[in-house]
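Data block below; observations after.
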Amino acid sequence: MPQQLEALRERHDVERQFHDEKAASAHNSDQRNFYSAGGVDSIWRAYWAALGDIQGKSVLDFGCGEGWSTLAYARNGAAVYSFDISSESVRNLIHDATRAGVASCIHPAVMAAEALGYPDEAFDLVLGVSILHHVDLDCVGAEIARVLKPGGRALFIEPLSHNWLLQLFRWLTPARRTPTEQPMSVEQIQQFGKHFGEARFQGHALLSTFSQGLLWATGSKWIFLKSLLVTEAIDQWLLRFLPFLQRYCWSAIIEVRK
Ligand SMILES: C[S@@+](CC[C@H](N)C(=O)[O-])C[C@H]1O[C@@H](n2cnc3c(N)ncnc32)[C@H](O)[C@@H]1O
């Protein structure tokens with residue numbers, strides 16, 4: 001493992017520096033930001049439906065960033081272990097958890113995803129949002145399989161790479177992300193799934209990405225949310241009856257079981 005970590009050092013430095021700087025700067029209040037406008041509400045609802053009741057479960061928030069998901073898991077009664085490679089992000093998490101009164105339910109740490117400092121079979125659930133596409137998937141697949149209890153599950157929300165319009169948007173907006181991250185292909189998801197007994201994924205946001213374009217163009221949350229009602233309804237129908245379209249979605253919920 002030390003040799004593998006050495007090979008990843010440059011990549012880790014890039015990720016650490018980018019996210020430390022982001023966490024140290026003021027929070028983004030741009031009104032064209034579709035995250036704060038509610039653009040990911042439906043995928044977040046689907047994720048929680050797949051998650052079920054986490055009361056009393058031992059949960060690992062994998063690549064927690066500033067930890068908004070850690071706080072949500074703690075508020076829902078889980079014992080949450082959270083880590084990230086960015087110490088500034090973890091510092092913000094500790095600050096927010098203290099203010100929210102859930103600091104006693106969380107166990108934050110700074111570490112790399114490819115070499116976890118947790119014992120074997122420690123967790124009922126490993127959960128991650130926008131993290132697998134930042135890391136070495138093969139190392140991380142083996143590590144997650146190691147720290148999950150037998151029968152334990154891991155769920156992730158990750159961006160997909162097959163939609164050319166989204167790829168064009170990413171190409172036009174490089175400052176939004178690290179040079180080392182890459183949205184995932186369906187083939188990478190399948191490869192990652194080989195570390196586990198069961199694996200599946202579900203695509204989310206196909207036409208509804210156009211609503212995000214509308215928000216970006218107009219800055220109007222009202223137009224965005226109204227158009228989302230239409231595009232999300234069409235998406236539900238399209239993805240149900242034409243499942244091959246899932247690979248062209250913006251993101252996927254990936255679920256594996258040990
Ligand atoms: C897009 S952010 C997502 C953070 C968080 N899950 C969220 O939803 O806000 C990606 C995170 O991955 C972390 N990261 C990148 N490479 C990592 C690695 N090898 N090990 C641990 N964390 C890493 C970054 O520091 C960053 O916080």
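The values are calculated or read from the model by the stated rules, or taken from the named source; none is laboratory data. The structure presented is a predicted model; accordingly, all values stated were derived computationally and were not measured. So basically every Cβ, Gly included, is an ideal-geometry build from the backbone, and we count neighbours across all protein chains shown. Keep in mind that these areas ignore ligands, DNA and RNA; they rest on the heavy atoms of the full protein, side chains included. Shrake-Rupley method; radii C 1.70, N 1.55, O 1.52, S 1.80 Å.
Run the accessible area of the chain with a 1.4 Å probe and give the carbon-and-sulfur part as a rounded percent. Kindly include the intermediate steps, with their values, before the conclusion.
Details: 7540 of 13380 Å².
Carbon-and-sulfur percentage of accessible area, whole number: 56.
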Notebook entry, point to check: In debye to the nearest 20, how big a dipole does segment 124-258 give about its Cα centre with +1 on each Lys and Arg Cβ and -1 on each Asp and Glu Cβ?
Noted result: 200
Next item on the list: Straight distance only, please: which lysines reach the Cα of Lys149 with their own Cα at less than 28 Å, same-chain residues fewer than 8 apart left out?
Entry: Lys57, Lys194, Lys258
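Within 10 Å, count the other beta carbons around each residue, average over each peptide in 226-238, 64-76, and list them highest first.
Values: 226-238: 15.4, 64-76: 21.8.
In decreasing order of mean packing, 226-238, 64-76 become 64-76, 226-238.
Keeping all protein chains in place, calculate the accessible area per residue for segment 67-110 (probe 1.4 angstrom), answer in Å².
Values: 2000 Å² over 44 residues.
Per-residue accessible area for segment 67-110 comes out at 45 Å².
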Next item on the list: Quick one: divide the alpha-carbon radius of gyration of the chain by 2.2 N^0.38 Å and tell me what you get.
Entry: 0.99
Notebook entry, point to check: Expressed in nm to one decimal, what extension gain is obtained for the pair Leu225 and Ser25 from 0.36 nm per residue of sequence separation less their Cα-Cα distance?
Noted result: 69.2 nm
Item checked: Dipole of segment 117-258, positive end: most advanced residue of Val256, Leu132, Leu239 [Cβ charges, Cα centre] -> Leu239
Margin query: Suppose every Lys and Arg Cβ carries +1 and every Asp and Glu Cβ carries -1, with no other charges. What dipole size does segment 47-91 come out with about its Cα centre, to the nearest 20 debye?
Written below: 140
Next item on the list: Amide H neighbours of Leu160 under 5 Å, at least 5 residues apart or on other chains, H built in the peptide plane: list them.
Entry: Met184, Ser251, Ala252
Item checked: Stretchable slack from Arg99 to Thr178, in nm (0.36 nm times residue separation minus alpha-carbon distance) -> 25.5 nm
Checklist line | Contour excess over end-to-end distance, with Cα ends at Ala46 and His107 and 0.36 nm allotted per residue | finding: 19.3 nm
